[in-house]
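Okay, structure first, notes after.
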Amino acid sequence: MKLVAFYHDFSADEGSTDYGTELDFLVAKKVNDNLAVAVKYASYSADDYATDTDKMWLQADINF
């Protein structure tokens, strides 16, 4: 099983504008030679320029 966490801090290339932060998680598992499944979750915490957003993805990879 694979467990991964990422942290992102979004800010402008020029100036001091801060757009927010995001925390991402990934859990993935290879079930057998033909099937792998994953769950991804992202939580974006906006500052002034967007809306807080939470998203979740379910993924299945099938080889045949």
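The values are calculated or read from the model by the stated rules, or taken from the named source; none is laboratory data. Since we're looking at a predicted model, the values are computed, not measured. Don't worry about glycine lacking a Cβ; one is built from the backbone with ideal geometry, like all the others, and counts go over all protein chains shown.
Counting the residues of region 46-64 that are surrounded by 10 or more Cβ atoms within 10 Å (Cβ to Cβ) and touching a Leu at 6+ places or on another chain (Cβ under 8 Å) gives 1.
Scanning region 34-62 for residues that are within 19 Å of residue 22 (Cβ to Cβ), over 9 Å from the mean Cα position of the chain (by Cα), among the charged types (D, E, K, R) and assigned to a strand (DSSP E or B) gives a single hit, 54. The set of residues in region 12-31 being under 16 Å from residue 1 (Cα atoms), in contact (Cβ under 8 Å) with a residue 24 or more places away in the chain and either β-branched (Val, Ile, Thr) or surrounded by 13 or more Cβ atoms within 10 Å (Cβ to Cβ) (or both) consists of 26, 27, 28. Only one of the listed residues (24, 48) is acidic (Asp, Glu), under 19 Å from residue 8 (Cβ atoms) and at pLDDT below 95. That residue is 48.
Among residues of region 32-52 that are over 14 Å from residue 1 (Cβ atoms), those with a beta-carbon under 6 Å from a residue that is among the polar types (S, T, N, Q) and not in a strand (DSSP E or B) at least six positions away or on a different chain give the pairs 34/63.
Could you say whether any residue in region 1-10 is exposed (fewer than 14 other Cβ atoms within 10 Å of the Cβ), small (Gly, Ala, Ser) and at pLDDT 95 or above? The answer is yes; a qualifying residue exists.
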